[in-house]
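Written out below as structure tokens is the structure these notes cover.
Rule-based calculations on the coordinates, nothing more; no lab input. Because the structure is a prediction, the values reported are computed rather than measured. Note that we place each Cβ from the backbone using ideal geometry, even for glycine, and neighbour counts take in every protein chain shown.
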């Protein structure tokens, strides 16, 4: 059987990154770190789906501009989102003149994009790649639950879909402080959770599966890293991950953090179990974690975004929620 | 700027492939070439979405069995479909114990999967990969148009979504008659078509864009190949592609074929402009084209699957249909 950990043979650099967010994200604990906050949540558009698409374009433009890069220089753009047929990505990146690959990993999309981009660059076939992913509270609510105006009540395990997008530029043949050093493609797990208001519980076992694979194969332990960063397990899912880890001899309590708990203040902001959505991990990684790696505050981060590979219809038809977690090992050089 | 054509540095072999289809596909001109036809279209399930998911599992099982391969040997599975949140892939491949990457390219998904798998194998990080994609007439109709029972009339430019799935196994370090020799990642184009009943017209310009890129960069001409095979342009889209080609000096009339015109007999089967869907290109390539390459009847095929990156909501909101075409150059060795 193949090794699950794929270690880059060449240096693959994360040379630029950016995040945009909405009002609630701006009011959160890392709100002032976003490249741009739109307090209207609309991003200049009058349909929520198009607002989300525009947030992808904005995030990618910020990332490109920081690097003074023209979209035409990109060998490939990888993007995905939660909207039906990944429309936020298809429409959002339409005006960027670069090859495009649509990906779908639900909330694991940012990690899927980063790992694919790193592997494609490492192959030598591509020199510069972009990864973008997004979510929007209002487009997600009306697609997966009810329109926001309906005012449906949410149970405490429910998470709050982040309005925001993150974009990353990856390159070879250059130099920058942060590299993608290893990646692990996740396996889909189904642990029998069928409650779409408890995604954290559905996704935690997938996170554990990928982490166990990584630690076993690399002969490392959680404390060998500055941070084990999950994408959007939220409060419920993070607690389950720590407990499941403990029961299998994996102590994650020292340095596990979750983007869904970093982006909002659960005590002050009415977000129940925390943030979620493709834009959650992407934006927190962009505006909170990567700058700390650049500054040298963090050196070694296991970034692990989880995704629930269900649809609203599948759950209504009585199916459980399959989940997946892809891992990206980020290293300061 | 980077070369658009990515030429494999190592031999990447297509070692196994399979196709399953429904009743109408079984009655078509290549119906007897499918590995399995389910005349009930249900594939043992009582929900259309789950039938489609099951067709993916079946197709992959056929491909694995032909190669006597255990799913655990796969380094990665790449899969996608048209159903919201790519649920046919997420649920369809859930029981295969192998790393999973969801992709979304609408009807270009089979080509996107093949090109990504080839690049990942060529990178040396993976040894064996599977690519699967599917569509189902009934799940697509009720998601994108109306439930089949409604009996809505279709204009002559509309296409008939194929019920079927195709699966491919790609490997390195072995030997087989067919290789992936080159790939081109497509760019998204938007030519102002907003009629979801005329996908062929929306997708033809994307096909031309990728073909022009390929022929210009490779200094080749259409007649240098045994076949230029598009995925599902259908009658309308194929006519437009040939006309657009002619107007720009590219004569595709000698050897252009379209999977959407191969799978059904437009004169005898009521399919309007021909077949479409992620399962169209995947199944026709699997059961009609690749066997002819193995037997030596075909040596050099440019396979080009096109996709319309829209959602039903986006079109209702007045947006046009962006399209993309990914190219895979298949070569007999």
What's the ranking of A:56-64, B:83-91, B:32-40, B:158-166 by average number of surrounding C-beta atoms within 10 Å, highest first? B:158-166, B:83-91, A:56-64, B:32-40
at residue A:291 the sorted inter-copy label distances (label 7 Å from Cα on Cβ side), in nanometres, are 6.0
With each pseudo-label sitting 7 Å past Cα toward Cβ, what's the residue A:174-residue A:333 distance in nm, one decimal? 1.2
Across peptide A:7-14, what mean number of C-beta atoms from other chains lies inside 10 Å of a residue's C-beta? 1
With 0.36 nm assigned to each residue of separation and the Cα-Cα distance removed, residue B:248 to residue B:72 gains 58.5 nm
Please rank B:271, A:131, A:284, fewest neighbouring Cβ atoms within 10 Å first, as an exposure proxy. B:271, A:131, A:284
Two-site FRET efficiency, residue A:32 against residue B:297, from Cβ-Cβ distance with R₀ of 60 Å, rounded to 0.05: 0.40
Ordered by fewest other Cβ atoms within 10 Å, a rough proxy for footprinting exposure, A:219, B:256, A:329 read A:219, B:256, A:329
Taking Cα pairs under 8 Å and at least six residues apart, what relative contact order does chain B come out at, in percent? 25
In nm, one decimal, shortest first: how far is the label point of residue A:316 (7 Å from Cα along Cα to beta carbon) from the matching points in the other copies? 1.2
Looking only at the protein assembly as shown, where both bridge partners belong to it, what percent of the DSSP beta bridges are antiparallel (to the nearest 5)? 65
Among B:293-300, A:174-181, what's the highest-first ranking by average C-beta atoms within 10 angstrom per residue? A:174-181, B:293-300
Taking 41 Å as R0, compute the FRET efficiency from the Cβ-Cβ separation of residue A:221 and residue A:40 and round it to 0.05. 0.35
So which residue, out of A:215, A:43, A:100, gets the largest mean-square fluctuation from a GNM of chain A using Cα contacts under 10 Å as springs? A:215
Calculate for chain B the 222 nm mean residue ellipticity that helices alone would give, adding -39,500 (n - 2.57) per DSSP H run of length 4 or more and normalising by residue count, nearest 500 deg cm²/dmol. -9500 deg cm²/dmol
Within chain B, percent of DSSP bridges classed antiparallel, to nearest 5: 65
Looking only at other chains, what is the average number of their beta-carbon atoms within 10 angstrom of each beta-carbon in B:74-87? 6
With springs connecting C-alpha atoms under 10 Å apart, model chain B as a Gaussian network and identify which of B:285, B:115, B:242 has the largest mean-square fluctuation. B:242
How high is the relative contact order of segment B:134-184? Use alpha-carbon pairs under 8 Å, at least six apart in sequence, and give a whole percent. 43
Find every distance from the label point of residue B:254 to the corresponding label point in the other copies (7 Å from Cα along Cα→Cβ) and write them in nm, one decimal, shortest first. 6.8
Just to confirm my numbers, what's the Cα centroid distance between segment A:289-311 and segment A:198-277 in Å? 12
Rank A:254, A:127, A:42 by mean-square fluctuation in a GNM of chain A with C-alpha springs under 10 angstrom and give only the top-ranked residue. A:254
Specify, for chain B, the residue whose C-beta is closest to the rotation axis mapping it onto chain A, with the distance given in whole Å. B:123, 2
Taking A:263, B:5 and counting other beta carbon atoms within 10 angstrom, the fewest-first order is B:5, A:263
Take the alpha carbon atoms of segment B:153-174, find their center, do the same for segment A:1-21, and report the distance between the two centers in whole angstrom. 32
Within 10 Å of the Cβ of an average residue in A:184-191, the count of other chain Cβ atoms is 5
How high is the relative contact order of segment A:178-332? Use alpha-carbon pairs under 8 Å, at least six apart in sequence, and give a whole percent. 39
